[in-house]
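Step one of this worksheet: look at the structure below.
The values are calculated or read from the model by the stated rules, or taken from the named source; none is laboratory data. Everything quoted here is computed from the prediction, not taken from an experiment. Heads up, the Cβs are rebuilt from the backbone with ideal geometry, glycines too, and the neighbour counts pull from every protein chain shown. All accessible areas refer to the heavy atoms of the entire protein, side chains included, with ligands and DNA or RNA removed. Shrake-Rupley method; radii C 1.70, N 1.55, O 1.52, S 1.80 Å.
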Amino acid sequence: MNQINAIGAGDRPQHAPHLNPNERAILSLLQRNGAMPGSDLARQTGLSAQTISVILRKLKSSGLTQQGKPVRGKVGKPSVPITLNPFGALSVGCKLGRRSCDLIVMDFCGKTLFERNLTYDIAIPQTVFTFLEESYADAREEIGTKASERLCGFGIAAPFEIWKWGASDGNTPEEFLSWKDLSFEREIARFTDLPVFMLNDATSACWAEQLYGGGRQFNDYAYFFVSTFIGGGIVLNQSVYEGTRGNAGAFGPLRVGDRAGRTQQLLDVASVHVLETALAKAGKDYRDLWKQPQDWSGFEDEVKDWIDGAAHAIAQACMSACAVIDFEAVIIDGALPRDVRNRLVEVVRAKLLKEDSRGLLIPDVAEGVIGGGARALGAACDPIYNQFFTTA
């Protein structure tokens with residue numbers, strides 16, 4: 001992951017030691033593969049048994065790894081599996097969305113230990129940062145002092161240039177436009193000295209799918225995340241490609257044709273704000289779409305029509321993406337109820353077969369597995385991966 005505008009990166013907490021490439025490589029192998037004995041770590045890294053032993057002692061003394069029970073039954077000494085210590089490092093993840101904000105605390109193995117959510121009509125800075133400060137205080141109290149000392153960073157997943165995405169009716173409050181001149185780092189520093197890491201929100205969701213979802217079964221894929229506005233990410237050689245400015249895979253602006261033959265941006269056809277507009281016209285409250293747990297069964301007519309239109313546009317976007325990079329697959333996830341996501345994926349598969357694929361190879365279409373929490377989870381991954389793992 002790319003570290004952007006990290007506060008105090010040179011003054012890391014004592015529990016976030018500076019690690020050399022070999023130490024990072026070992027931690028990365030344990031993260032990807034689970035428990036491994038030292039002999040397997042030596043074989044996969046090419047390091048000597050003595051070097052592995054020295055590194056493992058350091059990692060254990062730092063609280064980053066722990067030993068499992070010896071495995072007996074083979075010739076020679078019992079094999080001792082090494083695993084990550086879940087409380088070796090913790091991180092905070094924040095998803096700033098156009099309809100809601102989430103804050104989580106994640107452990108070293110990707111488990112969520114704490115979670116808070118706030119919904120609103122539009123994201124106002126004062127409202128968001130008050131929520132983050134209060135939720136962070138609650139999180140520290142809930143996980144306890146000892147665990148709080150292992151916090152290593154504060155990751156934030158936010159839309160690229162959020163101030164450009166105001167209210168759909170044009171009545172955007174002046175406070176919302178102030179996001180343009182606001183410093184996330186300065187605002188977060190008001191209540192914590194943790195280093196701050198920034199990611200594009202859809203890219204963050206892509207990271208979560210790659211690390212903790214089903215992304216690892218593919219080497220290369222395009223990732224679409226459907227929320228208020230659709231976005232995405234790119235994975236090449238099993239690593240998320242963020243681009244030099246952190247905005248790669250911004251599929252929302254892709255030009256597609258809607259069912260009436262008009263050319264529009266993908267985000268104007270395949271985003272949930274299109275469904276919100278349809279519900280408003282039908283005299284229904286679009287806010288019900290974001291109530292947790294999500295249940296869209298009361299809007300079946302509008303949802304069915306939206307799925308058909310969104311899938312039509314996403315299928316075209318898939319072919320356009322594959323014309324640039326020969327993706328073997330496309331993964332579709334989003335802040336949607338599971339049944340709606342499943343239906344959307346099925347319709348995209350069907351419509352993709354009807355697209356003009358001359359000169360192209362049609363990709364597999366897979367369903368993402370993490371859902372609406374992917375952006376906050378990816379944000380929480382960022383501090384840990386920047387400081388403890390290799391991402392190549």
Item to complete: Per DSSP H run of at least 4 residues, take -39500 (n - 2.57); add these up for the chain, divide by its residues and hand me the 222 nm value, nearest 500 deg cm²/dmol.
Response: -11500 deg cm²/dmol
Discussion item. With the cut-off at 1.5 for a/c, could you classify the stretch 96-196 from its C-alpha gyration tensor as rounded, prolate or oblate?
Written reply: prolate
Fill in: Gyration tensor verdict on the stretch 301-392 (Cα atoms; rounded if a/c is under 1.5, prolate if a/b is larger than b/c, oblate otherwise)
oblate
Fill in: J(HN,Hα) series, the stretch 128-137, from Karplus relation 6.51 cos²θ - 1.76 cosθ + 1.60, nearest Hz, glycine and proline x
5, 6, 5, 4, 5, 5, 5, 5, 5, 5
Discussion item. Just the number please: accessible area per residue for the chain, 1.4 Å probe, all protein chains included, in Å².
Written reply: 46 Å²
Worksheet, complete the sentence: Sorted by chain and then number, the residues having a modelled amide H within less than 5 Å of the amide H of THR228, at least 5 places away or on another chain, are VAL272
Worksheet item: Based on the alpha carbon coordinates of the chain, what radius of gyration and maximum Cα-Cα distance (Dmax) apply, in Å?
Response: 22.2, 74
Worksheet entry | chymotrypsin sites (Phe, Trp or Tyr not before Pro) restricted to the stretch 89-197 and DSSP loop, no more than 15 other C-beta within 10 Å | PHE191
Practice prompt. Kindly write out, for the stretch 18-28 in residue order, the coupling ³J(HN,Hα) from the Karplus curve 6.51 cos²θ - 1.76 cosθ + 1.60 (θ = phi - 60°), rounded to whole Hz, with x marking Gly and Pro.
Written response: 6, 10, 7, x, 5, 5, 5, 4, 5, 4, 5
Worksheet entry | Cα-based shape type of the stretch 345-392, given that a ≥ b ≥ c are square roots of the gyration tensor eigenvalues and the cut on a/c is 1.5 | oblate
Item to complete: Determine ³J(HN,Hα), in whole Hz, for all residues of the stretch 305-310 in sequence, where each value follows from phi through the Karplus function 6.51 cos²θ - 1.76 cosθ + 1.60 and θ = phi - 60°; x replaces Gly and Pro.
Response: 5, 5, 4, 5, x, 5
Worksheet item: Cβ under 11 Å from SER91's Cβ, SER91 left aside: what net charge do those residues give with Lys, Arg +1 and Asp, Glu -1?
Response: -1
Fill in: Highest-fluctuation residue, ASP201, ASP285, ASP326 considered, GNM on the chain with Cα pairs under 10 Å
ASP285
Fill in: Highest to lowest packing among 299-310, 90-101, scored as the average C-beta count within 10 Å
90-101, 299-310
Item to complete: Tally up the carbon and sulfur contribution to the accessible surface of the chain as a whole percent, 1.4 Å probe, everything protein left in place.
Response: 48 percent
Worksheet entry | Amide H within-cut-off set for LEU90, under 5 Å, with H built and near neighbours excluded | LEU151, CYS152
Worksheet item: What is the extension gain from LYS69 to ASP295, computed as 0.36 nm multiplied by their sequence separation minus the C-alpha to C-alpha distance, in nm to one decimal?
Response: 76.9 nm
Fill in: Rough spin-label spacing in nm, given labels placed 7 Å along Cα→Cβ, for LYS58 and GLU115
3.7 nm
